[in-house]
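Input: a single structure, listed below in C-alpha cells.
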Amino acid sequence: MHTEVTTLKQEKCPVPSAEEWMLDGCRAPGGCSRDFLKKGLEPETFQNFDGGHTCLVRDDEFKFQGLRHTVTARQLVEAKLLDMKTVEQLRLGLKTVEEVQKTLSKFLTKATSIAGLYLESTKEKISFASAAKKIIIDKMMALAFLEAQAATGFIIDPISGQTYSVEDAILKGVIDPEFKIRLLEAEKAALGYSYSSKTLSVFQAMENRMLDRQKGKHMLEAQIASGGVIDPVRGIRVPPGTALQQGLLNNAVLQFLHEPSSNARVFPNPNNKQALYYSELLQMCVFDIDCQCLLFPFGERNISNLNVEKTHRISVVDIKSGAELTAYEAFQRNLIDKSTYLELSGQQYQWKEATFFESYGHPSHMLSDTKTGLQFNINEAIEQGTVDKGLVKKYQEGLITLTELADSLLSRLVPKKDLHSPIAGYWLTASGERISVLKASRRNLVDRITTLRCLEAQVSTGGIIDPLTGKKYRVAEALHRGLVDEGFAQQLRQCELVITGIGHPITNKVMSVVEAVNANIINKEMGIRCLEFQYLTGGLIEPQVRSRLSIEEALQVGIIDVFIATKLKDQKSYVRNIICPQTKRKLTYKEALEKADFDFHTGLKLLEVSEPLMTGISSLYYSS
C-alpha cells in the first residue's frame, strides 16, 4: 500500500508558454508586476507598476510580425503574451526581436492548421485543392479543410510551406477561384467582422448576431485547437484564458466546445468521412520536416494511430528521405527543434512526477502519464537499467525536461508479452488511455455480463488486474483498490476458490474443481468456465502449486475428469458471452483473446474500445 504525499514536478520546458509567462511576471529586483491592464493611461504608453518603479512600453518601441500585419510589444503585453522582463531584456540587447518572435511563433506567424494530406502509400504530400482535383477526396471535404485554414490564420501551401491570404492564394494558384466566396467568408474569422466601424472577433460577431452560433462555435473550436482564439484587432492568437479576460470568448461557449449536444463534431476524417472535432484531427496528423507544417495521413496504414503495443506513434515525416519517425527519434536526430518536439510528444503523453511513501515509510518516485495512465517507478527503472542515472540527474538539475526523461525511458523499454495473460483491461483508441474492466463498465463502454466474465477470467488465472501497473490482487484487496465493486466481489469470491484451492468442509482436504462441483460447493457451470479461462490462457492451474498443466497432465493429477477434458477440447461448445466493444458482436472468450493486443508496458492483453461519439447526423464544416 502506498500514499501519494506531494507532486514534485510538472514538465520543465525551457521555452515558457503564454500561460507560464502570465504567471511568472517580472520577479527580478526593480522589475514590473503583472498588473498590466490599468485604466486612464496616456495613449502613447503602457504602464506597469511595482513598488514605485514604472515600466513604459511605447507603441513604436519593438514590432513583431503578427498573423497579417505587424504587432507592437505593447499590444503583446496587453494580450499577456509578453512580460516586462522580456521587454527589459530586449532593451538591454540580451534578446533580439527575432528570438522573441520565434518563441511566440505559435501565437503570431506559425502555420498551425492542417496543411494537406500525407499519402501513406507513396509517402508524398498533396494540398487539399490538388487532392480534390485528383478525386482523392471530394470537393466539399477539400473546402472544409481550406475553410478551417482560412478561419485559423492563412491558406497553407504544403509543398512550399508558404502561407497566404485567400486572395493571394488564388493569385498564386494554390487554390481554385471557385472556392473564393466561401473562403473569403471563412477568412473573416481571422481578419474580423466589420460592425459599426468596429472590428469584431468570432465570438463578438456571434453575440451581435452577425454570425450563426453553430458556425461560430466550429470556428472557435478550430482556432483554439490550432493555437488560440484569434484577436483580429491585434492580429494574434491568444490562449483561451486570455480570450476570456478580453471578451473574445465567454465561459459558457468555452465549456461546451467539446460537448456534442452543444457543438457537434463536423470536421470530416478524410479516410472514412467520420465527423470529428478539429482537435481530434490534429492529433492524428504528422509533422512534415520539409514544409514545417502538419499533414493528415491518408491511407490504410494508419501510421499516426496510437498503438498499445508500441511506445510511440509516428508523428514526424521526412518527405525527401521517406523516413517516418516518432517525435523523440526526430528530436534525437536534430530534425526538429525542442519546442516542436515537446508539442508533438505532448499530444500522446502528459507526464508528471510525484513522490509516494510506501507503508514502511520509504519514499518512491513515480513517473505517471495523465493521458494514458502509464506509471513508472523511477527508482526501479534505475535499478533495472531502463533509465540512465545520469539522465535522471540532468533532469533534477533542470538540464532536460520531464518529457525527455520519460521518452528516454520509453525508448529503452523492451516490449514484453505475457502469453498467459487474460484480458487485463481496455485501452481507448483516441487517447491511448488504459482502463480497468470495472471502469470500462462504469463508462458504459462494455456491458455488465462481459465485465463479469472478464473479471472471472482474471480471478481464476491469478487475480484481479490493475492494467496501469500489471499487478494482480485477491478479490478483497481489489475491492479496497476500486478494481471491483461489492456486487462483482460477491460473485467472484466463489470463483477465487478455483485457484486458491477448495477445502472440504469436514476433512479440510484441498479438493479439485471436479470434487468441489460434485460436492455442490461451487456451481458446475462456473467451475467449468473458470477452467476454460485457464486452459485458454496457457494451461490448467494446479491450486497452491500454481503451475500450468496440459489437459493430459491435469487428468493425471485428478484436477479434472474425462467429461471436463472433452468439453475443454471442444471449442464449438464455448459460449459466446463476451460482447466485442468495437463491433458489438458476441464472441467466445477465445475469440476475445485473439482480438486483444499486448500492452508494451505490462505485457498483458488489452482490448481496444472507442468512446461513443454521440454526434447525431454528421455534417461537413460550414455545410448549409
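The values are calculated or read from the model by the stated rules, or taken from the named source; none is laboratory data. Predicted, not measured: the structure shown is a model, and the values here were computed from it. No Cβ is skipped: glycine too gets one built from the backbone with ideal geometry, and neighbour counts run over all protein chains shown. Areas reflect the complete protein model, heavy atoms only, side chains present, ligands, DNA and RNA absent. Shrake-Rupley method; radii C 1.70, N 1.55, O 1.52, S 1.80 Å.
Things worth noting here:
- Using a probe of 1.4 Å on the protein chains alone, the accessible area found for HIS362 is around 100 Å².
- With a Förster radius of 56 Å applied to the beta-carbon distance between GLN491 and LYS320, the computed FRET efficiency rounds to 0.40.
- When the residues LEU244, LEU405 are ordered by accessible surface, computed with a 1.4 Å probe over the protein chains alone, the sequence from largest down reads LEU244, LEU405.
- Cα centroid of the stretch 149-188 to Cα centroid of the stretch 343-409, whole Å: 44
- Annotation: amide H of THR112 has no partner in the under-5 Å range at sequence separation 5 or more or interchain, hydrogens built in the peptide plane.
- Percent carbon-and-sulfur accessible area, the stretch 330-380, ignoring ligands, DNA and RNA, probe 1.4 Å: 48
- Cross-link partners of LYS139 among lysines (Cα-Cα below 30 Å; sequence separation of 8 or more within a chain): LYS106, LYS110, LYS123, LYS125, LYS172, LYS180, LYS188, LYS215, LYS217, LYS273, LYS320
- Partner lysines for LYS605 [C-alpha distance under 20 Å; skip if fewer than 8 residues away on the same chain]: LYS310, LYS371, LYS416, LYS417, LYS439, LYS471, LYS472, LYS584, LYS586, LYS590, LYS595
- Entry note, the stretch 259-301: relative contact order of 26 percent, from Cα contacts under 8 Å with a spacing of 6+ residues.
- Taking label points 7 Å from Cα along the Cα-to-Cβ direction, ARG91 and LYS584 give a separation of 6.6 nm.
- Global form of the stretch 332-467, assessed from the alpha-carbon gyration tensor, a/c cut-off 1.5: prolate
- Our helix-only sum for the chain, with -39,500 (n - 2.57) per DSSP H run of n ≥ 4 divided by its residues, gives a mean residue ellipticity at 222 nm of -9500 deg cm²/dmol.
- Options LEU211, PHE154, VAL387, ranked by Cα towards positive dipole end of the chain, top entry (Cβ charges): LEU211
- Solvent-accessible area of SER197 with every protein chain in place, 1.4 Å probe, in Å² to the nearest 10: 130
- For SER441, the accessible area of its heavy atoms, probed at 1.4 Å with every protein chain present, is near 20 square angstrom.
- Here the convex hull built on the C-alpha positions of the stretch 91-234 has a volume of 147 cubic angstrom per residue.
- Computed with a 1.4 Å probe over protein heavy atoms only, the accessible surface of the chain comes to 46 Å² per residue.
- Exposure ranking of LYS590, LYS273, LYS595 by accessible area [1.4 Å probe, largest first]: LYS273, LYS595, LYS590
- Sulfur and carbon atoms: percent of accessible area, the stretch 117-213 [1.4 Å]: 50
- Local electrostatic count at VAL202 - Lys and Arg +1, Asp and Glu -1, tallied over other residues with Cβ under 15 Å: +1
- The Cα atoms of the stretch 522-566 give a gyration tensor whose axes a ≥ b ≥ c have a/c under 1.5, which makes the shape rounded.
- Phi-based couplings in Hz for the stretch 247-261 (Karplus 6.51, -1.76, 1.60; Gly and Pro marked x): x, 8, 6, 10, 4, 4, 5, 4, 5, 10, 5, 10, 9, x, 5
- Shape category assigned to the chain from the gyration tensor of Cα positions, a/c cut at 1.5: prolate
- Residues whose amide H falls under 5 Å from that of HIS504, counting only those 5 or more places apart or on a different chain, are LYS509, VAL510, MET511, with hydrogens built in the peptide plane.
- Heavy-atom accessible area, probed at 1.4 angstrom with all protein chains present, ranks ARG434, ARG209, ARG453 as ARG209, ARG453, ARG434, highest first.
- J(HN,Hα) series, the stretch 416-427, from Karplus relation 6.51 cos²θ - 1.76 cosθ + 1.60, nearest Hz, glycine and proline x: 10, 10, 8, 5, 9, 6, x, 6, 8, x, 10, 10
- Sequence-distant residues sharing a close amide H with LYS125 (under 5 Å, placed H): LEU119
- As a calculated quantity, the FRET efficiency between VAL562 and VAL510 at R0 = 30 Å, using C-beta atoms, amounts to about 0.90.
- Estimated vicinal HN-Hα couplings, Hz - the stretch 77-86 in sequence order (Karplus 6.51, -1.76, 1.60; Gly, Pro = x): 5, 4, 7, 6, 9, 10, 9, 5, 4, 5
- Under 13 Å from LYS80, Cα to Cα: aspartates and glutamates that are on another chain or at least 8 residues apart: GLU19, GLU20, ASP24, ASP35, ASP231
- Contact order relative to length of the chain, as percent, for alpha carbon pairs under 8 angstrom and 6 or more apart: 12
- For the stretch 479-586, the carbon plus sulfur part of the accessible surface works out to 50%, probe radius 1.4 Å.
- Total charge dipole magnitude, the chain, about the Cα centre, Cβ charges on Lys, Arg, Asp, Glu only, Debye to nearest 20: 860
- Considering only PHE62, TYR277, LEU108, the residue lying farthest towards the positive end of the dipole of the chain is TYR277, judged by Cα position with unit charges set on Cβ.
- Projected label distance in nm at SER573 and VAL545, using a 7 Å step from Cα toward the beta-carbon: 2.4
- Inter-label distance, nm, simple model (7 Å from Cα along the C-beta direction), GLU61/LYS394: 3.8
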